[in-house]
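Notes follow once the structure below has been shown.
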Amino acid sequence: MIKNNLSENPWTPQDEGDHYPSRKEWWDVETLFKTLDDKKKWSFKGSMAYEQETPSCFIINLLFDIDSNRCVFNKAVNDDINKFVHKKNIVDLKYEDFTIKGIYPHYHLHLDKKDSDCVIDMALEAKILPHWSAQDSTYGYLPFGLDHYRYGWLLNFDTTGYIKLNDKIHEIKGKGYMEHAWGNWSYSNPFKRFSGIKKTISTYGNLFNWWIKNNKLKIPDKIALTTDNNPFGYDWFWSVLDND
């Protein structure tokens, strides 16, 4: 059953916490902010995930100095799946000295990057309700080959806190984004599993019904087949306008 009450938070605590033992699951935070003392612009990405095909966890920490067009650090590592700690019914994630904690609308991110002499501490406060991908048609469920996953995001945070670089502490202010996805799909073999086929078929059907209600059926003028059309991928971008 598809829910459509957009005045209520569509995320439950069960949605925000882990769904282990899903085949894959990730949480990702993206931020754009300024250091208030020198007005410099920065971007930080922090992501934590696990997958059970290997199995492993996958961790990303990236700090980019926008004004200098310089990457301060970029860590993207596969590691022992047991080194990534996560809990149910709440965002409570930990990998070494990197943590993300909270529940809508308040979250907190902390990173102690000793090898780069950097500490990042951010309070993330949501300005809008979370949203599911394809919320009007499948309420976050998306098909992938013969299986499916669920994908939700929170598009607008106020970001405050501090960043410590080379023993100097800078107060920060900016915007943030968070997403959460989980499911039992496989990038390498999307047609291998049949365990979720009933849900996958209904998801394809709901998406098709939504499409035909919003588009006129017609014979296309032409069909192009190219080597870079991958039906099992997507392009992504995020922005927040000046008026939020």
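All of the numbers you see were taken from the coordinates with simple rules; none came from a lab. All of these numbers come straight from a predicted model, not from anything done at the bench. Here the Cβ positions follow ideal geometry from the backbone for every residue, glycine too, while neighbour counts run over all protein chains shown.
Which order do the peptides 46-53, 164-171 come out in when sorted by mean C-beta neighbours inside 10 angstrom, highest first? Don't jump to the answer; show the numbers that get you there.
Details: 46-53: 19.8, 164-171: 12.4.
Final packing ranking: 46-53, 164-171.
Let me know the shape class of the range 70-110, please: from the alpha-carbon gyration tensor, a ≥ b ≥ c as square roots of the eigenvalues, rounded when a/c is under 1.5, otherwise prolate if a/b is greater than b/c, or oblate. Here the range 70-110 falls in the oblate category. Within the range 16-214, the ratio Rg/Rh, alpha carbon atoms throughout and Rh by Kirkwood, equals 1.02.
Using helices alone, what [θ] at 222 nm do you get for the chain, with -39,500 (n - 2.57) per DSSP H run of 4 or more residues, divided over all residues and rounded to the nearest 500? List each step's numbers first, then the result.
Values: 2 runs with 22 residues, N = 244.
Calculated at 222 nm, the ellipticity per residue is -2500 deg cm²/dmol.
With a simple spin-label model that places each label point 7 Å from the Cα along the Cα-to-Cβ direction, the separation between T54 and I103 comes to 3.1 nm.
Specify whether the C-alpha gyration tensor of the range 2-105 places it in the rounded, prolate or oblate class, a ≥ b ≥ c being the square roots of the eigenvalues: rounded for a/c under 1.5, otherwise prolate if a/b is larger than b/c and oblate if not.
Working: a/c = 2.47, a/b = 1.28, b/c = 1.92.
Since a/c reaches 1.5 but b/c is at least a/b, the shape of the range 2-105 is classed as oblate.
Within straight-line reach of K34, meaning a Cα separation under 20 Å, sit the following aspartates and glutamates at least 8 residues removed in sequence or on another chain: D65, D67, D112, D117, D121, E125, D158, D167, E171, D242, D244. Coupling constants for the range 71-76 follow from the phi torsions by the Karplus curve (6.51 cos²θ - 1.76 cosθ + 1.60, θ = phi - 60°), and in residue order they are 8, 6, 7, 8, 10, 9 Hz; glycine and proline get x.
Legend: distances between Cα atoms for K88/K173; K24/K173; K127/K173; K83/K199; pairs beyond 23 Å are K88/K173; K24/K173; K83/K199. Once the C-beta distance of Y20 and D121 is scaled by a Förster radius of 25 Å, the resulting FRET efficiency is 0.40 to the nearest 0.05. Taking amide H as placed 1.01 Å from N in the peptide plane, I66 has its amide H under 5 Å from the amide H of K41, W42, S43, each at least 5 places away in sequence or on another chain.
Working note: Karplus 6.51/-1.76/1.60 with θ = phi - 60° gives the range 131-147 the couplings 9, 8, 4, 6, 4, 6, 10, 10, 6, x, 7, 10, x, 8, x, 9, 10 Hz, where Gly and Pro are set to x.
Rounded to the nearest 10 degrees, the angle from helix 197-214 to the longest Cα principal axis of the chain is 90 degrees. Approximating the spin labels as points 7 Å out from Cα along Cα→Cβ, the V240-to-S202 distance works out to 3.6 nm. Ignoring solvent entirely, what values of log10 I(q)/I(0) come out of the Debye formula for the range 58-139 at 0.20 Å⁻¹ when each Cα is a single scatterer? For the requested q values the scattering log ratios are -1.09.
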